[in-house]
1. How large is ³J(HN,Hα), in whole Hz, for each residue of the range 88-97 in order, when computed from phi with the Karplus curve 6.51 cos²θ - 1.76 cosθ + 1.60 and θ = phi - 60°, using x for Gly and Pro?
2. Compute, for Leu42, the solvent-accessible surface of its heavy atoms (probe 1.4 Å) with the complete set of protein chains present, and express it in square angstrom to the nearest 10.
3. Could you tell me the extents of the chain's C-alpha atoms along the three principal axes, largest first, rounded to whole Å?
4. Sequence-distant or interchain residues sharing an amide H contact under 5 Å with Cys92, placed H: which?
5. Picking from Val43, Gly16, His84, whose Cα lies most toward the positive end of the charge dipole for the chain (charges on Cβ: Lys, Arg +1; Asp, Glu -1)?
6. What angle do you read, to the nearest 10 degrees and between 0 and 90, between the alpha-carbon axis of helix 18-34 and the longest principal axis of the chain?
7. Take every Cα-Cα pair in the range 59-98 and report what % of them are more than 11 Å apart.
8. Taking the Cα centre as origin and putting +1 on Lys and Arg beta-carbons and -1 on Asp and Glu beta-carbons, what dipole magnitude results for the chain, to the nearest 20 debye?
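The values are calculated or read from the model by the stated rules, or taken from the named source; none is laboratory data. These figures come from a predicted structure and were not determined experimentally. Cβ atoms come from the backbone with ideal geometry, glycine included; neighbour counts cover every protein chain shown. All accessible areas refer to the heavy atoms of the entire protein, side chains included, with ligands and DNA or RNA removed. Shrake-Rupley method; radii C 1.70, N 1.55, O 1.52, S 1.80 Å.
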Amino acid sequence: MESTTSGIGVLTLAFGNRRFIRQAENLALSLRENMPELPIALVVDNPAYSHRAFDQIIALDPSLGTGVVQKLHLHQYSPNQEPHFIAADSLCLKPFDE
């Protein structure tokens, strides 16, 4: 797991079906469009994966369980002190403060 940094950041998970990775990419791109300074981390099961929209790619820890059980461990994955989990199938349409 990554070391924790201060501040707010977004964390999303995408593992299993490639469709979830594409959804997470769309989420990250929508966040970049509306809040370019917001750190975005992705938990993924492919350690070789990379994408320019993510600040950090974090390897999924299979020992923490399968499927939705992974969400019970978000605090262990987050590189930020104030993580905000957003499901990979979401989009950001405007900055959070509006």
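1. After applying 6.51 cos²θ - 1.76 cosθ + 1.60, I find 4, 8, 9, 10, 9, 9, 7, x, 4, 7 Hz.
2. For Leu42, solvent-accessible area is about 0 Å².
3. On the principal axes, the chain reaches 39, 29, 22 Å in Cα extent.
4. Ser30, Leu31
5. Gly16
6. That works out to roughly 30 degrees.
7. 73 percent
8. Numbers: 7 positive and 11 negative charges, 73 e Å.
Rounded to the nearest 20 debye, it is 340 debye.
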